[in-house]
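Participant: First, the structure itself, so that you have it in front of you.
The values are calculated or read from the model by the stated rules, or taken from the named source; none is laboratory data. This is a predicted model, so every value here is computed, not measured. Ideal geometry is used to build each Cβ from the backbone, glycine not excepted, and the neighbour counts take in all protein chains shown. Calculation scope for accessible area: heavy atoms of the full protein, side chains included, ligands and nucleic acids excluded. Shrake-Rupley method; radii C 1.70, N 1.55, O 1.52, S 1.80 Å.
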Amino acid sequence: MRELLVVLNTRAQSILKRAFEMRWQTVVQNGASILIFGGFAVAVFLVSRYATDYVLSRTHLGLFLFHRFLSMMLYVFFITVNVGNMVVAYSTLYKSHEVGFLMALPISHAKIFLIRFVDNFFYSSTTLTLLGLAMLLGYGSNFDLPWYFYFFVMFFVMLPFLLIAGILAITSLMLLIKLGTRIGFKVLLVLIVIGYAGTVYAYFSFTNPVQMANDVMNVWPNVNEYLGYLDPTFVKFLPSHWVAEFLYWSVSGNTARALPYFALLFLTMIGLIVLAGLMARKFYYESWLAVADLQAMPPACSPWRTGAQAQGGRSLFDFNFRVFKPQWNALLKRDLAAFFREPSQWLHLLLMVLLLGVAVVSVATLRLTFEEPGIKVVALIVIFMFDGFLIASIALRFVFPIVSMEGDAFWCVRSSPLHVEKLYWYKTLLALTIVAGIAEVVGFVTIYFFSGDITVTLVVCAALLFVALTMVGVNVGAGGYFAMYKEKNAVRVASSQGASLTFLASMVYLTLVVSIMLVPVSYYTAASQPTATLRWAYIPLAIVALISIIIFAASTRVGLRAIRRAG
């Protein structure tokens, strides 16, 4: 235990030293972090408080149905934390040079595993924890709950909830790596993607929020009564359900019925920690060796090889676009090869694509006829916000690290005939093409299949195009300003403090865009005979376009100045 405390103490001192470093850049960055994180937390608090008040006071859904929707949101939150920890853990626990150093010390493998897990958990879950705390405060303020309730829920309910998600991720990763050595890593990746997508799809298929809402409305006006018999049996074994049940009974004033769910969460967390320690003793070192052997394989033997390298044939990247200059073709082939040779990159991409597909299909099939125009407007705005959040997440994960991925060898580019300004614009245009394409497809599918109105769909798709432009510009520019050329893993770059600041700034911009589009969309949707013209949308779209272009230009200027100084 002494060795463990020494390593953790060293880690804490290193973090505090970086946090209180008295360089002007660090001071400005930390000050900006406090302002942006604080402002975003306040905004989330206000939105959470307003949403809770709106649902309970105006729509009269009742406490039970409200907490069932909250349970569904917590399930999505749980899966997000789980996937994030698994992807980041692959780099933190297996590919980090620090792990190799620790393996050479007289420290047990289980302690090394614990050290890296703590580092991984706080590295990948800090922003989500802040978001959860702000939402909890907004939710609780509606019920006038005492201050100690928030303290208890945050540290003894939500923290175990997050730890359960993280521990399940890393223990599953150990077993999956061992399994991959037997069945092959390509087959394993397919099974992981299908497993996550199938789990999310099955959950929403069986819980069926629309059917549950109808069942609850059948007992009107007794919507605040406990209607647990409507829950599918399997959800009673999910941590998200335990949290929702704890909150429901707490705000209902029945502490005796809330405590068993707290006990379930806390005991499950303790049990999983013990299980993870036992598994680490037996499997961690073996799985670490398996990954090390995999990395040491020559390209012809590696399961991550691309093209026909093993057979000496043409590679997947033996192409040339005549419309591009040779320099751009070389950069494109280099970036594609680097992307597909890194398993954590395209594994995360596959998971995001399939989870995105499940979400899009779920939204697209939710063709409801709303009698109340206000509810339809709320639904459209929520879908629009979801689309914008998705674009911001993709840009943060895959666009923010692209400058940092030039690495220590960036001097090679600086010494080549290619100007760094052209490299910057190449990265920006490539990212914009991909992100804008995804934005338009997702926007059209979710909005048109939901509303069936081509006019609203065109307006939202136009707004999403400017959102994509801004997200790409901000993430490339901020990625250059906060570049981490020493970090070889894109996942950790996308989880850094600079990335968190960029994401929160993106959320502020997205909130502004949604606010601008709210009034015209509400006016159009509530009209008795909506017009087929787009005149009602010209002014708000022009405002969004102007704001987006200004932000894109400012971000590009910052990014260009940063990349000129690099190398």
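Participant: From the residues Ala104, Gly84, Ala51, which one has its Cα farthest along the dipole of the stretch 36-119 in the positive direction, the dipole being from +1 and -1 charges on Cβ of Lys/Arg and Asp/Glu about the Cα centre?
Facilitator: Ala51
Participant: Report the label-to-label distance for Val508 and Ser57 in nanometres (one decimal), using points 7 Å from each Cα along the Cα→Cβ vector.
Facilitator: Between Val508 and Ser57, the simple spin-label model gives 2.8 nm.
Participant: With the Cα gyration tensor of the stretch 127-215 giving a ≥ b ≥ c as the square roots of its eigenvalues, does the rule (a/c under 1.5 for rounded; else a/b larger than b/c for prolate; else oblate) give rounded, prolate or oblate?
Facilitator: Note, shape of the stretch 127-215 comes out oblate.
Participant: Arrange the residues Lys422, Lys486, Lys95 by how much accessible surface each exposes, largest first, with a 1.4 angstrom probe.
Facilitator: Lys486, Lys422, Lys95
Participant: For an R0 of 51 angstrom, estimate the FRET efficiency from the Cβ-Cβ distance between Ala292 and Tyr50 and round to the nearest 0.05.
Facilitator: 0.50
Participant: May I pose another question? Could you tell me which of the pairs Lys186/Lys486; Lys95/Lys427; Lys427/Lys488; Lys95/Lys333; Lys178/Lys486; Lys178/Lys488 are separated by over 20 angstrom between their Cα atoms in the structure shown?
Facilitator: Check vs 20 Å cut-off fails for Lys186/Lys486; Lys95/Lys427; Lys95/Lys333; Lys178/Lys486; Lys178/Lys488.
Participant: Let me ask something additional. If you rank Tyr90, Tyr203 by how much accessible surface each has, with a 1.4 Å probe, what is the order from largest down?
Facilitator: Listed by decreasing accessible area, they come as Tyr90, Tyr203.
Participant: Enter the Cα centre distance for the pair the stretch 420-445 and the stretch 148-193, rounded to the nearest angstrom.
Facilitator: Taking the Cα centre of the stretch 148-193 as reference, the centre of the stretch 420-445 is 32 Å away.
Participant: Excluding Tyr75 itself, calculate the net charge of residues whose Cβ lies under 15 Å from the Cβ of Tyr75, where each Lys or Arg counts +1 and each Asp or Glu counts -1.
Facilitator: Computed value for this residue: 0.
Participant: Amide H of Val403: which non-local residues (sequence gap of 5 or more, or other chain) have their own amide H closer than 5 Å, using H built in the peptide plane?
Facilitator: Amide H to amide H, under 5 Å and 5 or more residues apart or across chains, Val403 pairs with nothing.
Participant: Starting from the Cα gyration tensor of the stretch 235-294, take the square roots of the eigenvalues, sort them a ≥ b ≥ c, and report rounded, prolate or oblate (rounded when a/c is under 1.5, otherwise prolate if a/b is larger than b/c, else oblate).
Facilitator: prolate
Participant: Please report, as a whole percent, how much of the solvent-accessible surface of the stretch 79-200 comes from carbon and sulfur atoms (probe radius 1.4 Å).
Facilitator: That share works out to 75 percent.
Participant: Let me ask something else. Enter the accessible area of Tyr148 (Å², nearest 10), with the probe set to 1.4 Å and all protein chains included.
Facilitator: Estimated to the nearest 10 Å², Tyr148 gives 130 Å².
Participant: While we're on this one: Give the ranking of Val508, Val474 by solvent-accessible surface, highest area first, calculated with a 1.4 Å probe.
Facilitator: Highest to lowest solvent-accessible surface, that is Val508, Val474.
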